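> Can you read through this structure? Questions will come right after.
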Amino acid sequence: MLDRLESALARARDEGRTAVAPYVTVGFPSIEDTLAIIPAIEQAGADVIELGVPYSDPLADGPTIQAASYRALTGGVDTRVCLETTRRLREAGVSLPLVFMGYYNPILRYGIAAYAADCAEAGVDALIIPDLPPDEAGELRAALEQHGLGIVSMLAPTSTEERIVLGCEHARGFVYCVSVTGVTGARSDLPDDFPEFVTRVRRHTQLPVGVGFGISERRHVERVGKVADVAVVGSALINVIDSAPPGEAASRAGAFVRELAAAQ
């Protein structure tokens, strides 16, 4: 529920630290790995976890997450499996916010009302949907709000002031600022102008502001924390999981997130 997400981000703010939000593709490399990785990164200091719902055409994602999604899809992971995995994580004691990061077509196919209800029942707290503009999200937003969920708006450096205002108006939980014009992927450094972009967004919202796309190192989290509230880390963590020896994905992921969370 949104209050769980809001409380987690408020706690990080009150403690004077940057919230760390790792991204994990559900079912990569396997469902059993996901069920081990999420508790490990929760214990390592993650504040929020994005659960990637695999999709065949993930337009906002670069090669790393595309490959992880493809492997999960070939393993039979779909929306229902993602919901069941979330339910199992909650039953196992995972208590931090879980945010679904996915695309709109599977939601439409599932059925908007049923999807909202089943997300709430499984323990999802909010959604990030890169291909759903806020002015086209009214039906889904209304269905989610009936169950205490909401949509985290995504904004890009190319967003006009009008689009920033609209995105901030409808955002729930936090506002997600994409640091670059492009797709996800670990990068050696963040663009010089992303702080100016965050400043533009802050003029229009009281919500926490997150930054993602390209964050891969402790120094990136430190830099994000100077201007924003949440650092989202995706491809770099997927790379860590992918390169881990059999049986070590959870421990390697935990060590990586622990290093990021120490960047305060």
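> Among what's in the stretch 119-136 and is under 23 Å from residue 162 (Cβ atoms) and assigned to a helix (DSSP H, G or I), pick the residue that is least open to solvent (accessible area, probe 1.4 Å).
Selected residue: 134.
> With respect to residue 160, is the statement that it is within 19 Å of the chain's Cα centre (by Cα), modelled with pLDDT under 95 and either under 26 Å from residue 39 (Cα atoms) or of a type in the set (Val, Ile, Thr) (or both) true?
Values: within 19 Å of the chain's Cα centre (by Cα): no; modelled with pLDDT under 95: yes; either under 26 Å from residue 39 (Cα atoms) or of a type in the set (Val, Ile, Thr) (or both): yes.
No, not satisfied.
> Taking residue 234, is it closer than 21 Å to residue 192 by Cα, small (Gly, Ala, Ser) and out of contact with any strand residue (DSSP E or B) (no Cβ under 8 Å at 6 or more places or on another chain)? Before you say what the answer is, go through the steps one by one.
On the way: closer than 21 Å to residue 192 by Cα: yes; small (Gly, Ala, Ser): yes; out of contact with any strand residue (DSSP E or B) (no Cβ under 8 Å at 6 or more places or on another chain): no.
Judged against the criteria, residue 234 is not a match.
> Here's something else I'd like to know. How many residues are more than 22 Å from residue 223 (Cα to Cα) and part of a helix (DSSP H, G or I) if we restrict to the stretch 241-264?
Number satisfying all stated conditions: 7.
> Looking at 223, 258, 203, 252, can you tell me which residue is touching a residue at least 40 places away in the same chain (Cβ under 8 Å) and either over 19 Å from the mean Cα position of the chain (by Cα) or surrounded by fewer than 24 Cβ atoms within 10 Å (Cβ to Cβ) (or both)?
Details: 223 fails: touching a residue at least 40 places away in the same chain (Cβ under 8 Å); 203 fails: touching a residue at least 40 places away in the same chain (Cβ under 8 Å); 252 fails: touching a residue at least 40 places away in the same chain (Cβ under 8 Å).
Result of the check over 223, 258, 203, 252: 258.
> Check the stretch 16-32 and report whether any residue there is open to solvent by 10 Å² or more (accessible area, probe 1.4 Å) and aliphatic (A, V, I, L, M).
There is at least one residue in the stretch 16-32 that is open to solvent by 10 Å² or more (accessible area, probe 1.4 Å) and aliphatic (A, V, I, L, M).
> Test residue 111 against the criterion of being open to solvent by less than 40 Å² (accessible area, probe 1.4 Å) and without any contact (Cβ under 8 Å) to a residue 24 or more places away in the chain, and give yes or no.
Values: open to solvent by less than 40 Å² (accessible area, probe 1.4 Å): yes; without any contact (Cβ under 8 Å) to a residue 24 or more places away in the chain: yes.
Criteria met by residue 111.
> So for the stretch 43-61 (the condition being among the polar types (S, T, N, Q), open to solvent by less than 40 Å² (accessible area, probe 1.4 Å), farther than 20 Å from residue 131 by Cα and at pLDDT 95 or above), does at least one residue qualify?
No, every residue in the stretch 43-61 fails to be among the polar types (S, T, N, Q), open to solvent by less than 40 Å² (accessible area, probe 1.4 Å), farther than 20 Å from residue 131 by Cα and at pLDDT 95 or above.
> Output the residues belonging to the stretch 137-167 that are touching a helix residue (DSSP H, G or I) at 6+ places or on another chain (Cβ under 7 Å) and part of a helix (DSSP H, G or I).
Within the stretch 137-167, 139, 140, 141, 143, 144, 164, 166, 167 meet the criteria.
> With the checklist (1) under 13 Å from residue 25 (Cβ atoms); (2) buried (at least 23 other Cβ atoms within 10 Å of the Cβ) in hand, flag the one item residue 73 doesn't pass.
(2)
The values are calculated or read from the model by the stated rules, or taken from the named source; none is laboratory data. Computed from a predicted structure; not experimentally measured. Note that we place each Cβ from the backbone using ideal geometry, even for glycine, and neighbour counts take in every protein chain shown. Calculation scope for accessible area: heavy atoms of the full protein, side chains included, ligands and nucleic acids excluded. Shrake-Rupley method; radii C 1.70, N 1.55, O 1.52, S 1.80 Å.
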